[in-house]
1. Collect residues whose amide H, placed 1.01 Å from N in the peptide plane, falls under 5 Å from the amide H of Gln178; neighbours closer than 5 in sequence don't count.
2. For Gly79, what residues show an amide H to amide H distance below 5 Å, using hydrogens built from the backbone and excluding near sequence neighbours?
3. By count of other Cβ within 10 Å, fewest leading, how are Ile167, Ile134, Ile16, Ile139 ordered?
Amino acid sequence: MEGGAKAMGRSGRLPILLVAAAALAAGAAAAGISALMMRRVVTTSPEKQKVEVVPITFFYSLGEQTVNLREPGRYLKVGIELEVLAKGSANAEQHVPTVSGKSESGEGKEDAHASLPPLALATKAELDEKRVKILDVVIEELSASSFKELLTPQGRRQLRERLRTAINRILISGEVQQVYFTTFLAQ
């Protein structure tokens with residue numbers, strides 16, 4: 001019986017040694033693969049990685065404007081909203097305004113621009129600072145229009161394009177993508 005116990009002891013250790021050797025080999029293989037993958041991650045240059053830039057657009061209201069048209073006795077009352085693309089400038093980050101909770105009319109409603117990213121806030125600040133110049137070119141373009149041309153869809157499209165071009169000449173950190181009329185009354 002003693003011989004049987006010795007044979008049993010040796011044969012009992014053999015599977016344990018095989019399992020331990022297999023586990024050690026698997027661990028070494030995993031460590032080797034991990035090291036290889038880490039080397040590939042580290043050697044990948046950042047220039048090869050693509051960064052997707054998402055354009056930031058927002059709406060900016062110029063409110064309602066009432067102007068005399070080219071013909072005597074004719075006038076135009078129009079509400080204007082601008083769709084603006086924030087482009088940024090060299091000092092865009094330094095130029096971020098503080099956002100008050102009041103609208104321009106002094107009402108206590110929440111400012112719709114409060115959740116804009118810094119780049120868009122800088123563009124909005126530029127629009128606010130240059131509002132007087134923007135309104136001046138808007139009034140000039142509106143006043144140069146004739147009653148007859150404003151009656152056609154094509155005439156209104158041309159007016160939108162003239163307004164967009166005139167305002168974009170003033171802006172640095174943004175670009176007007178589209179001009180929308182929220183009200184339009186020509187009489």
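Every number here is computed from the coordinates shown, using simple stated rules; none is lab data. None of the values given here were measured: they were computed from a predicted structure. Quick reminder, even Gly has a Cβ in these numbers, built from the backbone with ideal geometry, and neighbours come from all protein chains shown.
1. For Gln178, whose amide H was placed from the backbone, the distant partners under 5 Å are Glu83.
2. The list, which skips near neighbours in sequence, is Gln65, Thr182, Thr183, Phe184.
3. Ile16, Ile139, Ile134, Ile167
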